[in-house]
Amino acid sequence: WLFFHADFPLRGRIAINLLLSWVPFMLISLALGALIKIVHAISENQLRAAKTMAAHSKSELHLLQSQLSPHFLFNTLNNMYGLSITDHEKIPALLLKLSELLRYSVYDATEIYVPLKDEVAYVNNYIDFEKIRIGDRLVLTTEIEEAIVPEIKIAPMLLIVFIENAFKHSKNTIDEKIYIDIKLKTWGNSILFSVKNSYGKEENVQPTLNKNSGFGLDNVSKRLNLLYTGEHELNIKKDNSFYNVILHLKMK
């Protein structure tokens, strides 16, 4: 436009020629201004939508996290009720362990992420609780890393769901012995966890009547998707005798 206008100016119209020389600059400025305004509006809408989604996810996360303690308490009290009838001398020791477990789940596990070493201590307390409750019937092997630096964090009450399920499905059988293997270690920037447990064949043919069955696994699956999006890998395998859960998490 500039070259064309320079070759064919309007003779005797200096002011109009000057104005026409600036036409492309004015058009570009107007177009650029309109483009910036459109982009800004789109960005504002996207930011507003992202904030809304984040608030919804945070609200959902707090709801999921708040459900864990009542769920754990419900299952534990059910188990202790049975023991109070058949093996009541174990109740005092179990109540002491239960108070330690609830102190962590109610007061210490309120953050989005907690130190992994605290979660390991909680897992060990729960294992001790189950060892008292089950007794000699339990054949347990553990490889749980203890020397964990405080900087490594994990979502609270995440691993316990799989461990609780392992004990529940193992003990609800007619087998003389129940077998559970738990492993937890850190490697690179990952947390590696696995739990393997035996189960009885009657679990394949008898439908469960407990309406809370599966609640914990559904809860932990939603939390993993919210907190470890693209940063976790969960595999659950089953053969004729064992369930095996393998979980890889990225460190926080």
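The values are calculated or read from the model by the stated rules, or taken from the named source; none is laboratory data. Every value quoted in this text rests on a predicted model; they were computed, and no experiment measured them. Note: ideal-geometry Cβ built from the backbone for every residue, glycine included; neighbour counts use all protein chains shown.
Details
- Selection status of V123, modelled with pLDDT of 85 or more and more than 20 Å from the chain's Cα centre (by Cα): no
- Test: I91 is touching a Ser or Thr at 6+ places or on another chain (Cβ under 7 Å), modelled with pLDDT of 75 or more and on the phi < 0 side of the Ramachandran plot: yes
- A single entry from S57, S99 fulfils the requirement of being among the polar types (S, T, N, Q), modelled with pLDDT of 75 or more and farther than 24 Å from L192 by Cβ: S99.
- Highlighted here are the helices (runs of 4 or more DSSP H) found entirely within region 95-205 that include at least 1 residues which are exposed (fewer than 15 other Cβ atoms within 10 Å of the Cβ): 116-134, 202-205.
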